[in-house]
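Comments concern the structure below.
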């Protein structure tokens with residue numbers, strides 16, 4: 001459409017205004033509603049679609065935590081995704097109190113780090129549980145000792161390793177816990193004005209409940225932002241799920257034990273001859289010495305082989321593989 005109105009269009013517009021067909025005030029309101037404020041100090045780099053996809057990823061992560069953490073803590077674990085939001089890193093760091101539990105995680109092959117912040121009472125409950133207690137937090141807040149940090153680091157490292165599977169539909173990451181910080185000033189991984197996405201998980205260990213915040217900088221996720229949409233995530237998940245289950249089933253089948261039997265031959269004798277057998281007696285079989293033996297896997301004839309020995313033990317050497325079409 002041209003930006004310049006023709007004379008006939010101008011006449012029609014003036015006629016509509018004079019007759020009341022077009023309301024000037026309504027046109028102004030429509031124009032006002034179309035204008036939105038934009039804060040250049042906080043650019044919206046994370047859309048609602050991005051945040052929703054992150055929630056889906058961490059819902060999967062929460063199910064993995066609920067399954068794997070009880071192995072260490074020997075207590076029922078419940079994990080729920082509370083919400084996700086986009087803020088600046090300054091807002092996130094200013095909301096932290098000292099002491100704090102911050103796990104700095106290398107998100108290889110993506111550049112940069114992410115931060116996993118765990119509530120102090122969860123940290124003390126984990127320590128108490130790992131040392132044989134009931135998993136009760138401390139009534140008075142204090143700094144973590146070196147031994148307590150080592151115990152928490154072991155559990156948190158296991159939590160970090162579980163991140164790989166939920167992210168497989170987006171990127172194949174190899175997360176690794178770099179360190180644990182108890183002072184937020186030493187975990188300045190990006191500029192304070194940079195945008196981050198925060199996914200909040202509610203973790204319940206027995207009767208103790210606390211939050212875990214996962215801080216994901218935009219600079220780290222920028223190479224895969226196009227993949228952070230539900231359409232791509234679900235389509236890729238379906239393809240990888242079929243391949244994933246195929247590999248798992250194949251791996252389980254490979255570990256299954258099956259009986260393998262080599263039959264030297266067969267013979268028929270009377271019951272009275274069988275009852276009178278003694279050491280040194282010879283039973284004549286229906287095969288010659290140089291005939292091939294039948295080798296059965298389970299109850300299926302699968303190979304033919306020649307008898308022999310290996311390391312002073314009886315053995316057979318496979319000569320033919322019987323295919324299914326040969327049956």
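Yes or no, residue by residue, for (1) at positive phi; (2) part of a strand (DSSP E or B); (3) in contact with a strand residue (DSSP E or B) (Cβ under 7 Å, 6 or more places away or on another chain); (4) without any contact (Cβ under 8 Å) to a residue 24 or more places away in the chain:
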position	(1), (2), (3), (4)
155	no, no, no, no
180	no, yes, yes, no
190	no, no, yes, no
196	no, yes, yes, no
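For the range 258-281, the set of residues classified as assigned to a loop (DSSP other than H, G, I, E, B) and either in contact (Cβ under 8 Å) with a residue 12 or more places away in the chain or not assigned by TED's automatic domain parsing to the domain that holds residue 302 (or both) consists of 258, 259, 264, 265, 266, 267, 269, listed by residue number.
The values are calculated or read from the model by the stated rules, or taken from the named source; none is laboratory data. Remember, it's a predicted structure, so these values are computed and weren't measured experimentally. Please note: Cβ atoms are built from the backbone with ideal geometry, for glycine as well, and neighbour counts cover all protein chains shown.
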